[in-house]
Amino acid sequence: MRGGGGGDTFTVDDALLTLGFGKYQYFVLAYAALAWISEAMEMMLLSFIGPVLKRIWRLSAKEQSLITSVVFIGMLFGAYSWGVIADKYGRRKGFLMTALVTTAAGFMSSFSPNYATLLVLRCVVGIGLGGGPVLCSWLLEFIPPPNRGTWMVVFQAFWTVGAVFEASIAWAVMPTLGWRWLLAFSSIPSFGLLIFYLCTPESPRYLCLNGKIKEAMTILDRIAKVNGTEVPSGTLVSDDDVVASDQDSTPTKRHKQGALTTILKLLSRELIRPTLLLWVVFFGNSFSYYGLVLLTTELNAGRSACAGHKVKAEETEDVNYKDVFITTFAEFPGLIIVALTVDRVGRRLSMAVLFFICCVLIFPLVFQQSESLTTGLLFGSRICITATFTTLFIYAPEIYPTAVRSTGFGAASSMGRIGGMVCPYVAVALVQGCHETAAIGMFEAIIILSGVSILLIPIETKGRKLSDNVKQKCQ
């Protein structure tokens with residue numbers, strides 16, 4: 001609490017420390033988790049429908065790759081756009097729009113009559129899925145600083161739940177009911193987001209920053225009532241007002257910032273270095289993560305075909321559900337690693353080490369290996385890349401102040417979508433074209449670049465409070 005001529009004041013972080021992590025945060029976590037499960041399912045299904053549609057619609061390797069790439073094209077635009085909307089109009093409005101777009105386009109894509117229609121609808125799904133960073137920012141702003149690392153790991157675990165759930169559904173549904181039913185079932189969690197939307201609160205940190213102190217206090221009082229605690233005594237203020245008070249100046253006048261203003265803040269002297277390096281890391285992490293998912297379905301089949309092995313068409317063109325299911329479970333030990341390191345070792349160092357270990361595990365795949373060893377190496381690589389992805393989604397929103405948090409996180413996520421957009425042409429087209437060594441070499445180079453880039457970011461956020469302004473973040 002802070003004293004001064006005007007009496008005691010407190011910030012949202014001060015209030016959250018007093019209120020603690022209780023029943024109210026569990027509700028917020030549950031809603032965000034449902035959204036994360038939904039996004040994971042919509043993304044994981046890409047590794048299942050591509051090989052099947054290639055056979056049914058007689059697609060080329062590039063046409064098959066485009067089914068995945070168009071989703072990332074949509075996410076590229078969605079991640080930035082929803083971030084701007086969330087920073088300007090509020091977190092709730094941001095993720096409502098993303099849920100509406102994802103639900104409608106996801107369900108409609110199951111009725112796609114042809115390849116072109118499917119591409120359009122999956123691109124729209126990608127636009128909706130681009131709102132994932134908004135949910136992360138929203139959840140982050142309800143969690144007290146001491147609990148932030150732990151509970152964000154728990155939140156990220158629901159991505160793995162969604163991935164495993166999708167692999168299970170695909171294994172059960174695809175061989176009997178077909179790909180259309182998989183698309184329909186995968187859209188169900190998105191409907192749940194719309195059903196429970198009216199119960200979700202706006203971020204008190206966002207409200208406070210924008211001068212809506214009364215509305216922010218109403219939410220903090222509600223949290224106190226549900227958690228059985230009390231809001232601190234005094235006047236609620238934003239970090240902007242605290243900094244202004246410390247400098248004996250007038251509190252900052254709040255105003256709605258435009259998209260150009262927000263981008264200029266991201267590229268300001270204080271934030272340009274972490275912003276550009278984060279873009280590189282997000283590109284590399286997304287390229288590697290989704291590339292490894294696709295390699296699980298492509299590498300063994302591609303090498304068998306290139307070696308001239310006589311196998312049935314169904315076995316080479318459709319999915320090895322067992323291998324995908326096994327490697328998906330690699331995400332659970334990845335999450336355990338994050339839980340043990342994120343608040344002890346720190347965000348940056350743990351990510352760098354895991355990137356380099358991933359390189360070591362992938363390297364033997366430059367040479368042809370047995371199917372079981374290939375699956376084992378991909379399993380270990382998936383552990384590492386899941387851990388870096390999880391840590392990155394905790395670290396990135398912590399770097400940015402509230403005024404540009406969703407936009408900064410969204411812009412970085414957009415760069416990641418470019419990585420996801422490119423990776424199918426490496427993990428699918430190159431492998432099917434018998435250029436497996438070149439494909440693995442490209443993964444090695446990009447993962448090493450990501451590890452170096454994360455070490456060059458000058459900010460470690462372990463144990464630090466979130467801030468509302470740029471200057472405080474860089475102090």
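Pairs of Cα atoms nearer than 8 Å and 6+ residues apart set the relative contact order; for the stretch 9-238 it is 38 percent. Other residues lying with their Cβ under 14 Å from the Cβ of Phe155 contribute a combined charge of -3, Lys and Arg counting +1, Asp and Glu -1.
Suppose every Lys and Arg Cβ carries +1 and every Asp and Glu Cβ carries -1, with no other charges. What dipole size does the stretch 9-238 come out with about its Cα centre, to the nearest 20 debye? Write out the running numbers ahead of the final one.
Numbers: 17 positive and 12 negative charges, 105 e Å.
Dipole of the stretch 9-238, to the nearest 20 debye: 500 debye.
Dividing the helix sum by the residues of the chain, where each DSSP H run of 4 or more adds -39500 (n - 2.57), gives a mean residue ellipticity at 222 nm of -23500 deg cm²/dmol.
The alpha carbon gyration tensor of the stretch 9-238 gives principal lengths a ≥ b ≥ c with a/c of 1.5 or higher and a/b greater than b/c, which makes the shape prolate. Sorting Ser168, Ser413 by accessible area puts them as Ser168, Ser413; the probe is 1.4 Å, largest comes first, and only protein heavy atoms count. The fraction of accessible area contributed by carbon and sulfur in the chain is 66 percent, rounded to a whole number (1.4 Å probe; ligands and nucleic acids excluded). For the chain, the longest principal axis of the alpha carbon atoms and the long axis of helix 46-56 meet at an angle near 30°. How would you classify the stretch 401-442 from its alpha-carbon gyration tensor, with a ≥ b ≥ c the square roots of the eigenvalues: rounded for a/c under 1.5, else prolate if a/b is greater than b/c, otherwise oblate? The shape class here is prolate. Principal-axis analysis of the Cα atoms of the chain puts helix 61-89 at an angle of about 10° to the longest axis. Computed from point charges on the beta carbon alone (+1 for Lys and Arg, -1 for Asp and Glu), the dipole magnitude for the stretch 109-240 about its Cα centre is near 300 Debye.
Projecting the Cα atoms of Leu194, Tyr115, Ile67 onto the dipole axis of the stretch 9-238, where Lys and Arg carry +1 and Asp and Glu carry -1 at the beta carbon, places Tyr115 farthest toward the positive end. Geometric descriptor of the chain, per residue, is 125 Å³ (volume of the convex hull of the Cα atoms). Computed from label points 7 Å out along Cα-Cβ, the spacing between Thr150 and Ser370 is 4.3 nm. About the centre of its Cα atoms, the chain shows a dipole size close to 560 debye [charges on the beta carbon of Lys, Arg (+1) and Asp, Glu (-1) only; nearest 20 debye]. Quick one: which of Lys62/Lys322; Lys93/Lys214; Lys23/Lys212; Lys62/Lys265; Lys62/Lys88 span more than 30 angstrom between C-alpha atoms? With Cα atoms farther than 30 Å apart: Lys62/Lys265; Lys62/Lys88. Here each label is just a point 7 Å from Cα along the line to Cβ, and for Trp57 and Leu267 those points are 3.7 nm apart.
Note the angle between two axes, namely the Cα long axis of helix 331-341 and the longest principal axis of the Cα atoms of the chain, as a number of degrees from 0 to 90, rounded to the nearest 10. On a 0 to 90 degree scale, this one is about 40. In this structure Asp221 has an accessible area near 80 Å², from a 1.4 Å probe over the protein heavy atoms.
Shape class of the stretch 101-188 from the Cα gyration tensor (axes a ≥ b ≥ c, square roots of the eigenvalues): oblate, since a/c reaches 1.5 or more and a/b does not exceed b/c. Taken per residue, the accessible surface of the chain reaches 38 Å², heavy atoms only and a 1.4 Å probe.
The values are calculated or read from the model by the stated rules, or taken from the named source; none is laboratory data. In this text, all values refer to a predicted model and were calculated from it rather than measured experimentally. Using ideal geometry, Cβ is built from the backbone for each residue, glycine included, and neighbour counts are taken over all protein chains shown. Quick note on the areas: whole protein, heavy atoms, side chains included, nothing else; ligands and nucleic acids left out. Shrake-Rupley method; radii C 1.70, N 1.55, O 1.52, S 1.80 Å.
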